[in-house]
Amino acid sequence: MPGRVLPTFTTADVEAHNNAKSCFITIGRKVYDVTDFVQDHPGGGDLILDYAGKDVAEIMKDEISHEHTEAAYEILDDYHENIAVNSTPIYQTTGMSREEDLSVETDISQDFKTHKFLDLNKPLFPQLWYSTFSKEFYLEQIHRPRHYKGGESAPLFGNFLEPLSKTAWYVVPIIWLPCVAYGTMIGTAGLGNPVAAGAYWITGVCLWSLIEYLMHRFLFHVDNWLPDNSVGLTAHFLLHGIHHYLPMDKYRLVMPPTLFVALAAPFWKLAHAVFFYNWYAAVQVFCGGIFGYVCYDLTHYFLHHRNLPMYYKELKKYHLQHHYADFENGFGVTSRFWDRVFGTELETPSPKGSKAQ
């Protein structure tokens with residue numbers, strides 16, 4: 001279920017704290033109660049009161065007025081309240097309250113200073129590989145989404161492997177649809193019955209929908225069974241953790257072809273084990289399953305990065321709630337069907353309120 005909802009302030013609430021007796025300021029969605037600092041401000045209390053109840057992000061960076069040093073931000077952190085400028089709940093497990101939060105650019109230096117996790121300015125793989133993070137801390141951090149500069153890709157390896165870690169969405173249909181078409185022609189010709197061939201092919205699509213759910217739930221979200229060491233955490237990060245950590249990275253969202261070959265091999269064996277009595281039937285099932293995978297990967301990409309028709313808008317809302325509200329449910333990407341069957345369907349969080357969901 002979604003995490004406990006933290007207290008929140010609306011913008012109007014913050015603006016009401018605009019005097020020396022109760023002085024709040026904000027930077028983005030963070031709220032700071034600086035009442036006790038007004039008289040201690042080196043430039044005089046009046047400068048703070050001029051911005052009481054307002055956002056000070058720009059003025060603190062203003063070179064003409066006075067560009068504040070890193071030390072000033074560290075002092076300000078002492079006055080940070082565990083509240084946010086928002087009228088909707090904030091989920092403790094993710095630090096998010098709504099879909100739009102997933103695309104709010106992360107202050108990289110401040111994030112690293114605050115959480116002491118990964119520095120997004122440096123390659124992520126070696127940081128994890130040589131880390132001493134506990135499993136509990138790692139899981140807490142990767143499920144608090146960050147948004148890298150402009151939605152681009154944060155450095156992962158920092159060497160010649162970097163390009164191999166990125167896959168554009170259109171690579172998936174370009175590589176796999178011709179393979180599906182060729183295999184389907186072979187299977188159909190071998191069976192000699194277009195109706196039977198179609199039935200086996202549709203069976204493969206349906207079988208993929210179940211595999212999609214099971215993989216997402218029990219392989220990609222194998223959180224509770226992870227080994228508590230850097231090797232296990234790094235493997236988890238590369239497989240799926242990076243997607244929850246940087247959910248809007250468009251080049252690390254669809255599955256790289258080499259990884260899919262490794263994951264598709266067991267599906268080939270499964271199809272031939274179940275439909276052992278007819279090699280061509282197994283090929284049809286396999287091709288239907290691969291087509292289902294292509295639909296899944298493209299759907300997943302478009303849910304994150306495209307405006308969609310009404311049905312898919314609902315699906316997009318459902319999937320993004322998995323990222324910002326409740327990563328322990330909502331494993332279906334192309335549909336909710338198996339979530340309903342296995343009792344992991346996401347309940348739409350209430351847009352307001354302060355009780356635990």
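Tabulated data for the structure shown
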| quantity | calculated |
| --- | --- |
| Taking the chain and dividing mean pair separation by its residue count, relative contact order in percent (alpha carbons under 8 Å, at least six apart) | 22 percent |
| Leading residue at positive end of dipole, region 116-199 (Cβ point charges), from Gly158, Tyr138, Ile186 | Tyr138 |
| Semi-axes of the equivalent ellipsoid for region 110-212, Cα gyration tensor, largest first, Å | 44, 17, 12 |
| Above-threshold pairs, the threshold being 25 Å between Cα atoms, out of Lys30/Lys135; Lys149/Lys317; Lys122/Lys149 | Lys30/Lys135 |
| Candidate lysines for bridging to Lys316, where Cα separation is under 22 Å - those fewer than 8 sequence places away on the same chain excluded | Lys250, Lys352 |
| Net dipole in debye of the chain [+1 Lys, Arg Cβ; -1 Asp, Glu Cβ; about Cα centre; nearest 20] | 1880 debye |
| Spacing of the two label points (7 Å from each Cα toward its C-beta) at Asn224 and Glu140, in nm | 2.0 nm |
| Spherically averaged projected area of the chain from its Cα convex hull (nm²) | 21.4 nm² |
| Nitroxide proxy distance, nm - points 7 Å out along Cα→Cβ at Phe342 and Leu263 | 1.4 nm |
| Heavy atoms of Thr167: accessible area, 1.4 Å probe, square angstrom to 10 | 10 Å² |
| Accessible surface, 1.4 Å probe, highest first, among residues Cys23, Cys295, Cys206 | Cys206, Cys295, Cys23 |
| Point-charge dipole on Cβ atoms (K/R +1, D/E -1) for region 231-357, about Cα centre, debye to 20 | 260 debye |
| Where Ile25, Ile75, Ile174, Ile59 fall by accessible area, highest first, once all protein chains stay in place (1.4 Å) | Ile174, Ile75, Ile59, Ile25 |
| Selected from Asn229, Tyr79, Thr94, residue furthest toward positive end of dipole (the chain; charges at beta carbon) | Asn229 |
| Residue among Leu164, Leu118, Leu128 with the largest mean-square fluctuation in a Gaussian network model of the chain, springs linking Cα atoms under 10 Å | Leu164 |
| Sites Lys116 and Tyr73, calculated FRET efficiency, Cβ-Cβ separation with R0 22 Å, nearest 0.05 | 0.85 |
| Label-point separation in nm, Asp62 to Thr106, each point 7 Å along Cα→Cβ | 3.1 nm |
| Rounded to the nearest 10 Å², the accessible area of Glu63 at probe 1.4 Å | 140 Å² |
| Between 0 and 90°, nearest 10: helix 257-274 axis offset from the chain longest Cα axis | 40 degrees |
| Rounded accessible area of Tyr73 (nearest 10 Å², 1.4 Å probe) | 50 Å² |
| Test item: Cα-centred dipole of region 144-281, Lys/Arg +1 and Asp/Glu -1 on Cβ, debye | 160 debye |
| For the chain, calculated [θ]222 nm from helices alone, where every DSSP H run of n ≥ 4 adds -39500 (n - 2.57) | -14000 deg cm²/dmol |
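The values are calculated or read from the model by the stated rules, or taken from the named source; none is laboratory data. Here the structure is a predicted model, which is why all the values come from computation and not from measurement. Counting neighbours? That spans all protein chains shown, and the Cβs are built from the backbone with ideal geometry, glycine included. We work out accessible area using only protein heavy atoms, side chains counted, and drop any ligands, DNA or RNA first. Shrake-Rupley method; radii C 1.70, N 1.55, O 1.52, S 1.80 Å.
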